[in-house]
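The values are calculated or read from the model by the stated rules, or taken from the named source; none is laboratory data. Worth saying up front: this structure is predicted, and the values here are computed from it rather than measured. Here the Cβ positions follow ideal geometry from the backbone for every residue, glycine too, while neighbour counts run over all protein chains shown. We work out accessible area using only protein heavy atoms, side chains counted, and drop any ligands, DNA or RNA first. Shrake-Rupley method; radii C 1.70, N 1.55, O 1.52, S 1.80 Å.
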Amino acid sequence: MNDFTKLLILLVTSILSNNFIFSRFLGCCPFLGVSNRVETAAGMGMAVTFVMGLASLFTYLVNTFILVPLKLEYLQTIAFILVIASLVQFVEMFLKKSSPTLYKSLGIYLPLITTNCAVLGVTLLNIEESYNLLFSVFNGVFGALGFTLAIVLMAGVRERLEFSNVPKAMKGFSSSLVIAGLMSIAFLGFSGLGG
């Protein structure tokens, strides 16, 4: 199998069958917290995509050229969190200057990307799967696109529910959990893709 075919399989599996939210249950906090509006969810998805792609790049370099040669692999988690925190600070400063409304609508969830387990999860998964630099970056970007798809779909459903006649007991967070469960089951249908 050539690299292009492997990348295509990685794209499909990362977005659909190995979605970080629906199959790995990583990144559920921003998924449930920021999915009230499609615009906000899309903004969060773009920020997470940027951070996950760059985090995959930089953590690969840190691991390959610093931690492994110095036999400090046991510091991976700490080193990776520092890299991720630095990237999130950069994204936060960029959004504050370029899009103040998006920055304000993301609120507390923007700095929480630092502790988003999906971002840390992809960096550790890249090491576990022994991906090279190219596959690490693409795995980060594709995983983030799957995250973005999930959060935007959730936001679309939640926006529609605002104007629907829903029983009082099912309004708010309880309906979000039911929707997330149903979406997870729907994504389970893609589990056979990618071999």
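Restricting the search to the stretch 156-176, which residues are assigned to a helix (DSSP H, G or I) and open to solvent by less than 90 Å² (accessible area, probe 1.4 Å)?
GLY156, VAL157, ARG158, GLU159, LEU161, ALA169, MET170, SER174, SER175, SER176
Going through SER105, SER184 one at a time, which residue ends up being modelled with pLDDT under 80, surrounded by fewer than 20 Cβ atoms within 10 Å (Cβ to Cβ), assigned to a helix (DSSP H, G or I) and small (Gly, Ala, Ser)?
The match here is SER105.
Quick test for you: out of PHE25, PHE94, pick the one residue that is free of Cβ contacts under 8 Å to residues at least 24 places away in the same chain and either touching a Phe, Trp or Tyr at 6+ places or on another chain (Cβ under 6 Å) or closer than 30 Å to PHE163 by Cβ (or both).
None of the other options fit; the residue is PHE25.
Among the residues in the stretch 140-155, are any open to solvent by less than 50 Å² (accessible area, probe 1.4 Å), out of contact with any helix residue (DSSP H, G or I) (no Cβ under 9 Å at 6 or more places or on another chain) and part of a helix (DSSP H, G or I)?
no
Yes or no, residue by residue, for (1) basic (Lys, Arg); (2) open to solvent by 80 Å² or more (accessible area, probe 1.4 Å); (3) outside any helix (DSSP H, G or I):
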| residue | (1), (2), (3) |
| --- | --- |
| ILE9 | no, no, no |
| ARG24 | yes, yes, yes |
| GLY45 | no, no, no |
| LYS97 | yes, yes, no |
